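No value in this document is a laboratory result; all are computed from the given coordinates. Values in this document were obtained by computation on a predicted structure and should not be read as measured data. Cβ atoms come from the backbone with ideal geometry, glycine included; neighbour counts cover every protein chain shown.
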Amino acid sequence: MGFEVRPEQPDDHAAVRRVVAAAFGADDPRHGEDVAQIWESLGHHRRVGLVAEERGVVLGHVGLSRAWVDARRELVEVWVLSPLSVVPERQREGFGTALVAAAVETARGSGVPALFLEGSPIYYGSRGFERADRRGFLPAALERTPPAAFQCAVFEGLEPWMTGQLIYPSVWWQHGAAGLRDPDLAQLEERFAALE
Ligand SMILES: CC(C)(COP(=O)(O)OP(=O)(O)OC[C@H]1O[C@@H](n2cnc3c(N)ncnc32)[C@H](O)[C@@H]1OP(=O)(O)O)[C@@H](O)C(=O)NCCC(=O)NCCS
């Protein structure tokens, strides 16, 4: 493996912006810029970034940021994994897998009981994640998140009472990045129907 995964530093700002915008902007550059902006806006919150670097060049990035589970007893602090980005010309070389593994270990090491994400159950399901609804969690965008796409990795601090709805900080809502909307929502529900 000719690359390393290391914590994002302030000096990585421009490189991370470029990587996130390229990964999410392959079809629509405006979408790429928007996702890059979400990550920057989360800088005002508690967050941790990791980068995949090869010979001094940042080729991939993963973001972890703080959210909560609204349990009956109290709010429980958790992490959310998003965005996950690999530059288009270097995808399918294992950068994404290494970044997800490092993100899971970082979340585990921080002592939170769970790490959540919205994403492909095929990709993340073989990389340490499972369906979060089957653990008693509800997605932040209740009506707009296909159940198979709402996933979590749980850690030893998870206790039986820690169930409830995932609460995102306002950044996700301001960018319309909580759950999906039609027609994407309907398309994905159809694709995931076979996994239900
Ligand atoms: C998703 C992404 C981070 C994967 O990174 P990567 O470095 O290419 O991933 P890896 O090399 O570790 O793994 C490649 C595998 O992931 C699969 N994969 C890639 N993107 C996928 C997706 N959106 N859904 C399902 N599987 C996907 C590939 O088919 C490949 O599978 P294979 O090995 O069986 O052929 C990268 O494709 C990317 O940046 N995509 C654009 C941004 C994005 O969609 N991020 C995830 C949002 S939840």
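The charge dipole of the range 51-196, taken about the Cα centre with unit charges on the Cβ atoms of Lys, Arg (+1) and Asp, Glu (-1), comes to about 140 debye, rounded to the nearest 20. Against the main long axis of the alpha-carbon atoms of the chain, helix 95-109 sits at an angle near 50°. Multiplying the residue separation of residue 193 and residue 70 by 0.36 nm and subtracting their alpha-carbon distance yields 41.5 nm. Size estimate for the range 93-159 follows the Kirkwood approach: the inverse of mean 1/r over distinct Cα pairs works out to 12.3 Å.
Its Cα centre serving as origin, the range 122-161 has a Cβ charge dipole (Lys and Arg +1, Asp and Glu -1) of approximately 160 debye.
Ranking 104, 166, 153 by Cα position along the charge dipole of the range 76-196, where only Lys, Arg, Asp and Glu carry charges on their C-beta atoms, puts 104 farthest toward the positive end.
Sparsely packed loop sites in the range 145-196 (the chymotrypsin sites (Phe, Trp or Tyr not before Pro) outside DSSP H, G, I, E and B with at most 13 other Cβ atoms within 10 Å) comprise 161. Normalised by the number of residues in the chain, the mean separation of alpha-carbon contacts (under 8 Å, six or more apart) gives a relative contact order of 19 percent. Against the main long axis of the alpha-carbon atoms of the chain, helix 13-24 sits at an angle near 70°.
Taking the convex hull of the alpha carbon positions in the chain and averaging its projected area over all directions gives 11.0 nm². Rounded to the nearest 20 debye, the dipole magnitude of the range 1-132 is 320 debye, with +1 charges on Lys and Arg beta carbons, -1 on Asp and Glu beta carbons, and the Cα centre as origin.
Dividing the summed -39500 (n - 2.57) terms of all DSSP H runs of n ≥ 4 by the residue count of the chain sets its mean residue ellipticity at 222 nm at -9000 deg cm²/dmol.
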